[in-house]
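Step one of this worksheet: look at the structure below.
The numbers here are math on the coordinates, done by the rules we state, and not lab data. Source: prediction; values computed, not measured. A quick note on method: Cβ atoms are made from the backbone with ideal geometry, for glycine too, and the neighbour counts reach across all protein chains shown.
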Amino acid sequence: MQIALVDVQRRVQARVPLPWMQVDPAWLKTQQAVGRPLVRFQEIPLEWTDFRLTFRQTADILHRFDAIERADHQALVTLGRDGHALEPLVRTWYAVTSGVDGVPDAAARQQVTDAPAGAEQVMVLAIRPFLARCAEALTQRIDLSTWTHGLCPVCGWEPDFAVITPSAERRLICGRCLAQWMFPALACPFCTNDNRALITSFATRDGRYRVSACDVCRRYLKAYDARNAPRPLMVAVDTIATLPLDAAAMQKGYQG
Ligand SMILES: [Zn+2]
Ligand SMILES: [Zn+2]
């Protein structure tokens, strides 16, 4: 399933141009200072026809591999065909989940809550090829080293993977736009717990991958350990290669 999803994303992303991202540097500084992400919805180079197609293809793949139920799949395909329903939902969902304009109002949050089951999972994957282009364009131009938060500096989503650099620092990788940013290796990005006694860490036998789990919020994050590694991180490959680690972490009572 992961391979099929990566394949769809790669094909779409190849068609998406690198956005110009002509954003006011003072605004970017303020956003960073108050801990808000940098990409507003209107800056994402979304081509709606392409997005709707990606949305439906993603829903099909998740359904084919039993990740979503038949009835939910039907509802999502219908939603994916109806631009008048899908576009405002995606817009509101991005505003609510990125926090780029601050705390969203209750009506917006409700609209997201009322979306069909599985819609969020599909939106995260379908928007990635477009949003990843923004992350690429921004990270080439902007210094993200002052960002100290557990959420993504580009889109405000949670990290989904990490890489331990040869200098033993940890870079988190966004689960929505794939942007990378530094975060202390022995702190939890989900609840900011930094008590080392309450961080459980374990590695695969070959030492290539590592799980860091928090005993306060019970969440975990996987990482590729690039120290002494024969190759650099390959996000698509490494997320798939570590599926057994997810099972191990969940067996220990942690959540992704
Ligand atoms: Zn992101
Ligand atoms: Zn935690």
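Structure above, values below:
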item: Value of [θ]222 nm, deg cm²/dmol, for the chain, DSSP H segments ≥ 4, -39500 (n - 2.57) each, nearest 500; result: -14000 deg cm²/dmol
item: For the range 41-88 and the range 151-165, distance of Cα centres in Å; result: 24 Å
item: Equivalent ellipsoid, the chain (semi-axes from 5 times Cα gyration tensor eigenvalues, Å); result: 28, 23, 18
item: Among Leu221, Leu131, Leu198, residue whose mean-square fluctuation peaks in a GNM of the chain (springs only between Cα atoms under 10 Å); result: Leu198
item: Distance between the range 181-197 and the range 13-38 - C-alpha centres, whole angstrom; result: 25 Å
item: Cβ-placed point charges (K, R +1; D, E -1), dipole of the range 201-256 about Cα centre in debye, nearest 20; result: 60 debye
item: Selection from Leu86, Leu198, Leu53, by position along the positive dipole direction of the chain (Cβ); result: Leu198
item: Equivalent ellipsoid dimensions for the range 169-246 as semi-axes, Å, which come from the Cα gyration tensor, largest first; result: 20, 15, 12
item: Simple Cβ-charge dipole of the chain, Lys/Arg +1 and Asp/Glu -1, about Cα centre, in debye nearest 20; result: 580 debye
